[in-house]
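Down below is the structure, laid out as structure tokens.
The values are calculated or read from the model by the stated rules, or taken from the named source; none is laboratory data. Predicted model only: the values in this text are computed from it and were never measured. Cβ sites come from the backbone with ideal geometry, for glycine too, and all protein chains shown count toward neighbours. Side chains included, ligands, DNA and RNA excluded: accessible areas come from the protein's heavy atoms. Shrake-Rupley method; radii C 1.70, N 1.55, O 1.52, S 1.80 Å.
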Amino acid sequence: MSRAIAINVGANTTLPGFRGPVTPDGRFAYVPIPEREPTAESVPTYGDLSVPLGVDVSDVADRRVHLDPEFAGVYGSTTYTYGDEHGVKAGPLSTLDPGDSLFFYATLSLRGDPAEAPAFPPEWGAYLIGEFRVERAITGETYRELDASERARFASNAHVKRADFDAKVLVAGGEGSRLLDRAVPLSAPEAGATAGPLVTDLSSDSGKGPWWRRVLRYDADATARLRAVVDEGQPDSSDRKSVHS
């Protein structure tokens, strides 16, 4: 049976200095972090991105972005890949099997009247923003041993584009992967730093301390329940239109 891992991604108050927004109806902007390493291929800048919801990137317009994860149809991407150079994430991610879920969560700032969003924390919080249904997860060492045709699956990943490939894990998302249309709160309504039931009741994490920076793990039963909650929080397919389209 499928299991899941959730990891923190996206802009924050350290990189590049602001969080992406979320509105009371759950719409949000996925804003990637800056690219801090030399790249062998050109990569876009913040100024090149059509960031939704009126996000002002003028202060960082010339900075290059580390577009990771990438979601098909978002910011020019045509596929789903994610890479990571940090062992704390790479270890668990490399154990994912086809059909498992890799969820992405980000810290977002509420834009709008908190009274209109009683399920959201009033200032900032951690929210699920995307999911890969895993097609393949490999270590960096395995990637180096692949032939050119197999490497092509990850060609657009930000770590592959770096001058020195540094990913300790690469994950490809398959059918069912998506950037969510509506963010799903992991934080409790009281405060962003307070973990909600999707963390404390479903994941193996205690929810104590800075849980929003940690890898969250879900067993098979919890994964099924988490997927159901996420699906319930999305608009009907007939009304679905991503703000990133």
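Just a few scattered comments:
The rows are residues; the columns are (1) assigned to a loop (DSSP other than H, G, I, E, B); (2) under 22 Å from Lys161 (Cβ atoms).
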position	(1), (2)
Gly54	yes, no
Gly73	yes, yes
Thr78	yes, yes
Asp97	yes, no
Thr107	no, no
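- When residues of segment 7-22 are limited to those that are in a loop (DSSP other than H, G, I, E, B) and small (Gly, Ala, Ser), the one most open to solvent (accessible area, probe 1.4 Å): Gly17
- Within segment 122-157, the set of residues being touching a residue at least 12 places away in the same chain (Cβ under 8 Å) and over 23 Å from Pro32 (Cβ atoms) comprises Pro122, Thr139, Arg144.
- Count of segment 70-91 residues which are out of contact with any Pro (no Cβ under 8 Å at 6 or more places or on another chain), within 13 Å of Ala137 (Cβ to Cβ) and surrounded by 15 or more Cβ atoms within 10 Å (Cβ to Cβ): 4
- Some residue of segment 50-57 being open to solvent by 30 Å² or more (accessible area, probe 1.4 Å) and not small (Gly, Ala, Ser): yes
- Lys161, sole failed condition from (1) open to solvent by 10 Å² or more (accessible area, probe 1.4 Å); (2) touching a Ser or Thr at 6+ places or on another chain (Cβ under 8 Å); (3) touching a residue at least 24 places away in the same chain (Cβ under 8 Å); (4) farther than 30 Å from Pro52 by Cβ: (4)
- Just so you know, in segment 196-245 the residues that are modelled with pLDDT of 95 or more and open to solvent by 100 Å² or more (accessible area, probe 1.4 Å) include one that is nearest to the chain's Cα centre (by Cα), and it is Arg213.
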